[in-house]
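Reading through the structure tokens given below for one structure.
The values are calculated or read from the model by the stated rules, or taken from the named source; none is laboratory data. None of these values were measured; they are calculated from a predicted model. Methodologically, a virtual Cβ is constructed for each residue, glycine included, from the backbone with ideal geometry; neighbour enumeration extends over all protein chains shown. Quick note on the areas: whole protein, heavy atoms, side chains included, nothing else; ligands and nucleic acids left out. Shrake-Rupley method; radii C 1.70, N 1.55, O 1.52, S 1.80 Å.
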Amino acid sequence: MFSLRKSAATFVAAASVAGLMGAGTADAQTLKVVMHSDVKILDPIWTTAYIQRNHGYMVWDTLFAMDEKFEVKPQMVDKYDVSADKLVWTFTLRDGLEWHDGKPVTSEDCIASIKRWAARDSMGQKMMASVDGFEAVDAKTFKMKMKEPYGLVLQSLGKPSSNVPFMMPAKTAATDPNTQIKVEDVIGSGPFIFKADEWKPGEKTVYVKNPKYKPRAEPPSGLAGGKVVKLDRVEWVWIPDAQTQVAALQNGEIDMIESPSHDLLPLLAKDKNIKLFNGNPLGNQYVFRFNSTAKPFDNPKVRHAVAVAFGQEDFLKATIGDPTYYKVCKPVFICGTPLASEDGLADVLNANAAKAKQLLTEAGYDGTPIVLMQSTDLPVLTNLAPVAKAQMERAGLKVEMVSMDWQTLVVRRTKKDPPTAGGWHAFLTSWVAADILNPVMAGFFNAACDKAMFGWPCDTTIEKLRDQFSKETDPVKQKELAIALQKYWADNPTHVNVGQWYQPAALRTNLEGTLVAPVTTFWNVSKK
């Protein structure tokens with residue numbers, strides 16, 4: 001439990017933050033925000049980490065975008081058409097699109113960007129499997145030619161969260177998908193410009209208004225519509241300590257905390273100068289990810305035993321605490337969405353250590369220690385790994401928990417080295433609801449071996465069901481396929497969902513225009 005009385009150390013830390021930011025209230029034209037993580041990586045295609053996704057929305061733009069009602073709308077695209085046989089998609093860009101260096105956005109840029117994104121993203125991979133090729137008709141128009149009709153073209157190009165199909169200059173998009181882009185290549189066409197000369201990892205990341213950006217005429221909705229920038233400058237200031245963040249917000253030294261610690265929400269709610277805002281009402285899902293290439297997790301029976309050993313309530317109590325902000329939710333597709341179902345889940349996620357121990361014996365578990373990575377600098381993740389360790393140990397697994405900051409974990413999870421030589425067996429993370437709405441969109445269901453996300457599951461049954469879903473347009477049949485996948489997943493998990501949770505942001509009351517969206521956005525925001 002937390003205490004409302006701040007320690008002397010916290011006040012000293014708050015004073016040092018004030019010194020860093022300058023005295024007095026933040027400038028009316030500058031928004032100072034503490035995001036959920038520091039920015040140490042700049043490529044939102046190379047990683048699925050949400051801070052890089054958020055950075056991406058500041059700098060780059062998308063061909064399509066999802067609105068508040070989860071409907072896909074044109075964004076950079078002015079008009080599009082699909083042939084009667086659904087084999088040729090034609091896209092025409094809006095007038096006036098240009099990169100931050102003054103060069104025009106072209107069809108070739110978009111084609112190269114789609115290819116690089118699709119090489120990394122699970123949804124993009126499925127779409128590209130049905131793509132025969134691209135043709136740049138002219139500088140503003142290009143065609144995507146299909147081998148066969150594909151039902152999720154717009155949903156793929158308008159994917160709202162990691163990985164987002166951001167459009168980049170062709171030169172940048174030529175970067176190997178498995179290599180991070182360089183700092184000098186952070187050039188977009190989006191509403192803000194990244195200030196590379198002011199980027200100080202561990203301290204702050206700065207963006208300024210793009211004066212040449214031409215927003216759409218429609219009102220903003222979710223991630224779609226007009227991205228009208230009303231601020232001159234946005235600073236993401238990194239303050240790792242949760243109480244110091246709150247002190248800075250209360251003193252007016254910052255304007256917003258994207259992800260305040262849940263145990264400090266009651267304190268923030270009592271402050272008349274602060275308001276809480278939940279821009280993501282569907283919430284988020286905590287997930288335990290297996291490295292399916294590393295023994296013993298190469299055995300699906302061992303992975304199933306972990307799913308039997310886990311119970312969601314302990315994870316949620318340890319991280320969130322207040323039931324107002326969490327929900328026990330067994331379905332792999334987020335509760336409250338069309339594909340959510342309890343079918344096939346009776347035997348998992350019941351914290352049944354005795355049954356899990358029996359299953360491990362039957363699976364031939366030999367006592368291999370599980371290398372479990374724990375991120376320690378993000379409050380909403382820190383306490384997950386200790387709970388996972390305790391529940392696995394009760395079932396008879398040996399667990400070695402290795403602690404590190406989140407950005408270090410983000411890099412280490414990409415390594416296929418043996419767990420005893422710098423690799424890993426498992427870690428915990430969280431997906432926003434918009435990332436897991438269906439089997440194709442949900443990245444941890446990608447079971448295409450080396451083409452899958454970190455963890456690299458290899459399962460032809462899962463891939464067959466995802467293929468069928470991607471080509472099905474009947475919602476009833478789509479749900480049947482999703483349920484069939486969930487039933488199979490319960491016995492052959494690629495990951496285990498360990499609870500649904502909600503995160504309000506904390507803002508000074510003089511902020512207006514924050515949007516309901518699965519990503520924290522800064523267009524449309526103004527200060528009174």
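Worth pointing out:
- When only Cα pairs below 8 angstrom with a gap of at least 6 residues are kept, the range 254-323 shows a relative contact order of 32 percent.
- Placing R0 at 35 angstrom, the Cβ-Cβ distance between Thr461 and Glu71 gives a FRET efficiency of 0.65 after rounding to 0.05.
- Modelled spin labels at Asp78 and Asp366, positioned 7 Å past Cα toward Cβ, are 6.5 nm from each other.
- Basic side chains Lys and Arg get +1 at the Cβ, acidic Asp and Glu get -1 at the Cβ, and with that the dipole of the range 383-528 about its Cα centre reaches some 340 debye.
- The magnitude of the dipole of the chain, with charges of +1 and -1 set on the Cβ of Lys/Arg and Asp/Glu and taken from the Cα centre, is near 380 debye.
- Separation of the range 89-121 from the range 201-245 is 22 Å, based on Cα centroids.
- Dipole axis of the chain (+1 Lys, Arg; -1 Asp, Glu on Cβ), positive-most option in Asn510, Met144, Thr30: Asn510
- Working from label points 7 Å from Cα in the Cα-to-Cβ sense, the Glu218 to Asp132 distance is 3.0 nm.
- When each of the peptides 279-291, 451-463, 152-164 is scored by how many other beta carbons lie within 10 Å of its residues on average, the order from highest to lowest is 152-164, 279-291, 451-463.
- Computed on protein heavy atoms with a 1.4 Å probe, the accessible areas place Tyr150, Tyr80 in the order Tyr80, Tyr150, largest first.
- Surrounding net charge for Lys73, when Lys and Arg each add one and Asp and Glu each subtract one, Cβ distance under 9 Å: -2
- Relative contact order [Cα under 8 Å, 6+ residues apart], the chain, whole percent: 20 percent
- Average accessible surface for the range 372-528: 34 Å² per residue, computed with a 1.4 Å probe over protein heavy atoms with every protein chain in place.
- Unit charges at the beta carbon, dipole of the range 92-183: most positive-side option, Ala118, Gly102, Pro169: Ala118
- For the chain, the residue among Val308, Ala484, Phe444 whose Cα projects farthest onto the positive side of the dipole built from Cβ charges is Val308.
- Between Glu512 and Gln358, the FRET efficiency from the beta-carbon distance, with R0 = 45 Å, is close to 0.20.
- Three-way shape label, the range 304-347, alpha-carbon gyration tensor, a/c 1.5: oblate
- Computed with a 1.4 Å probe on the full set of protein chains, the accessible area for His36 sits at about 40 Å².
- Span-rule helices in the chain, defined as complete DSSP H runs reaching 18 Å or more along the axis (Cα) with Kyte mean at least 1.6: 8-21
- Hypothetical label at Ser526: residues of the range 204-233 whose amide nitrogen lies under 12 Å (7 Å Cα-Cβ projection): 228-231
- Using a probe radius of 1.4 angstrom, the carbon and sulfur fraction of the accessible surface of the chain is 52%.
- The 3J(HN,Hα) values that the Karplus relation (6.51, -1.76, 1.60; θ = phi - 60°) gives for the range 400-407 are, in residue order, 10, 8, 10, 9, 6, 6, 4, 5 Hz. Gly and Pro appear as x.
- Tensor-based shape of the range 415-528 (alpha-carbon gyration tensor, a/c under 1.5 rounded, otherwise prolate or oblate): oblate
- Note on the range 288-376: with charges restricted to the Cβ of Lys and Arg (+1) and Asp and Glu (-1), its dipole about the Cα centre is near 140 debye.
- Heavy-atom accessible area with a 1.4 Å probe sorts Asp185, Asp255, largest first, into Asp185, Asp255.
- For the chain: rounded, prolate or oblate by the Cα gyration tensor [a/c cutoff 1.5]: oblate
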